[in-house]
Amino acid sequence: MEKEAQTDIRVGTSGYSFQDWRETFYPADIKPGKMLDYYINYFRTVEINSTYYRIPHPIVMDKIVKKTPPGFDFMIKAPQSFTHQRMNIAGDAASFAEAIKPIVERGKLSGILAQFPFSFKCSQDGLDYLAICRDAVAPHPLFVEFRHNSWVNRPMYDRLKAEKIGYVCVDEPQLRGLLKPDFFTTTDVGYVRLHGRNANQWWDGGALRYDYDYSEEEMRQWRDKFLKAKSKMNKLYVFFNNCHRGQATKNAQEFVHLLDAARA
């Protein structure tokens, strides 16, 4: 009997360079330039979110990727001009492609994350724009995250599937207009971002928006969703973005243990 192929489940965090992770994840005296060296001892993947704010020089990305071992990979966030300004992206697309080239050349780029704002609501123009973004980052896979629940509909699903654009599932507070913690895929790669459920701070709490520690039961519910759908995926990325005080690393490690327990 042919052995069932195993889904490659990669768990990591949304970013790794946080000063308030000292003493909760990183040693208290760690230098910023050594944080990734420490991180790679625990995780096989990471999201690079700094590219949303500013497109770095390729040398910066070269230094980052050289620190990582074989088998480690990256998801990189698209610049805000792609997702929030949504105009004249051609120039930034060229600069962005040049910036990430060191990671691409080493075969460690697994996709581009485009996180759209709550104000970006579903429309025909919006659906068409997703294809423009996909073309702007081609040939790399594009994964899109929506914050407004108007996007959760059949036309969106069918369009993303046809365009081979990945859908990013989210875990966030259950407030009006936000998405429910549903899990589905539009390609053979699953993608989930867990932002925390801090409803009181979500709209104007700043960094405290992500101050949340997931319970074992909350993470177990996500694990069970993944295991139920694993036959539809070749790969699954799970990124914890509840980054306040290193809670993302704590929960990510706990989640890996929950996965291991289910496989045992």
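Checked against the criterion of being modelled with pLDDT of 95 or more, part of a helix (DSSP H, G or I), within 17 Å of the chain's Cα centre (by Cα) and surrounded by 18 or more Cβ atoms within 10 Å (Cβ to Cβ), the range 211-222 has at least one qualifying residue. Of everything in the range 98-124 that's assigned to a strand (DSSP E or B) and of a type in the set (S, T, N, Q), which residue is farthest from PHE82 (Cα to Cα)? Among those that are assigned to a strand (DSSP E or B) and of a type in the set (S, T, N, Q), it is SER110. Just one of the listed residues (ALA28, ALA93) is over 15 Å from VAL137 (Cβ atoms) and among the aliphatic types (A, V, I, L, M), and it is ALA28. The residues on offer are LEU227, LEU160, and the sole one that is modelled with pLDDT of 95 or more and not in a strand (DSSP E or B) is LEU160. In the range 230-264, how many are of a type in the set (Val, Ile, Thr) and in a helix (DSSP H, G or I)? Matching residues across the range 230-264 total 2.
The set of residues in the range 140-157 being in a helix (DSSP H, G or I) and surrounded by fewer than 12 Cβ atoms within 10 Å (Cβ to Cβ) consists of ARG154, PRO155.
Inside the range 86-104, residues that are over 22 Å from TYR129 (Cβ atoms) and surrounded by fewer than 19 Cβ atoms within 10 Å (Cβ to Cβ) make up a count of 3.
For (1) at pLDDT 95 or above; (2) touching a helix residue (DSSP H, G or I) at 6+ places or on another chain (Cβ under 8 Å); (3) among the aromatic types (Phe, Trp, Tyr); (4) closer than 30 Å to ASP213 by Cα, each residue gets a yes or a no:
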{"residue": "GLN6", "(1), (2), (3), (4)": "no, no, no, yes"}
{"residue": "TYR16", "(1), (2), (3), (4)": "yes, yes, yes, yes"}
{"residue": "PHE43", "(1), (2), (3), (4)": "yes, yes, yes, yes"}
{"residue": "THR51", "(1), (2), (3), (4)": "yes, yes, no, yes"}
{"residue": "PRO58", "(1), (2), (3), (4)": "yes, yes, no, no"}
{"residue": "PHE74", "(1), (2), (3), (4)": "yes, yes, yes, yes"}
{"residue": "LYS77", "(1), (2), (3), (4)": "yes, yes, no, yes"}
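Across the range 118-139, the qualifying residues are those that are within 19 Å of MET75 (Cα to Cα) and not small (Gly, Ala, Ser), and the one among them that is surrounded by the fewest Cβ atoms within 10 Å (Cβ to Cβ) is PRO139. Is it the case, given these coordinates, that HIS84 is assigned to a loop (DSSP other than H, G, I, E, B) and either under 30 Å from TRP222 (Cα atoms) or in contact (Cβ under 8 Å) with a residue 60 or more places away in the chain (or both)? So HIS84 fails the test. Contact annotation: residue pairs with Cβ atoms under 9 Å, 6 or more positions apart or on different chains, pairing a residue in the range 167-184 that is touching a residue at least 40 places away in the same chain (Cβ under 8 Å) with a partner that is hydroxyl-bearing (Ser, Thr, Tyr) and in a loop (DSSP other than H, G, I, E, B), are ASP171/TYR214.
Would you check if there is a residue in the range 165-174 being out of contact with any Leu (no Cβ under 9 Å at 6 or more places or on another chain) and on the phi < 0 side of the Ramachandran plot? Among the residues of the range 165-174, at least one is out of contact with any Leu (no Cβ under 9 Å at 6 or more places or on another chain) and on the phi < 0 side of the Ramachandran plot, which makes the answer yes. Screening GLY166, GLY190, GLY196 for residues that are in contact with a helix residue (DSSP H, G or I) (Cβ under 8 Å, 6 or more places away or on another chain), more than 30 Å from ALA93 (Cβ to Cβ) and surrounded by 20 or more Cβ atoms within 10 Å (Cβ to Cβ) leaves exactly one candidate, GLY196.
Residue-by-condition table, conditions (1) within 21 Å of the chain's Cα centre (by Cα); (2) of a type in the set (A, V, I, L, M, F, W, C); (3) more than 22 Å from PRO117 (Cβ to Cβ):
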site	(1), (2), (3)
THR24	no, no, yes
PRO27	no, no, yes
LEU36	yes, yes, yes
ILE40	yes, yes, yes
ILE55	yes, yes, no
MET75	yes, yes, no
PHE82	yes, yes, no
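The values are calculated or read from the model by the stated rules, or taken from the named source; none is laboratory data. Note that this is a predicted model, so its numbers are computed, not measured. Cβ sites come from the backbone with ideal geometry, for glycine too, and all protein chains shown count toward neighbours.
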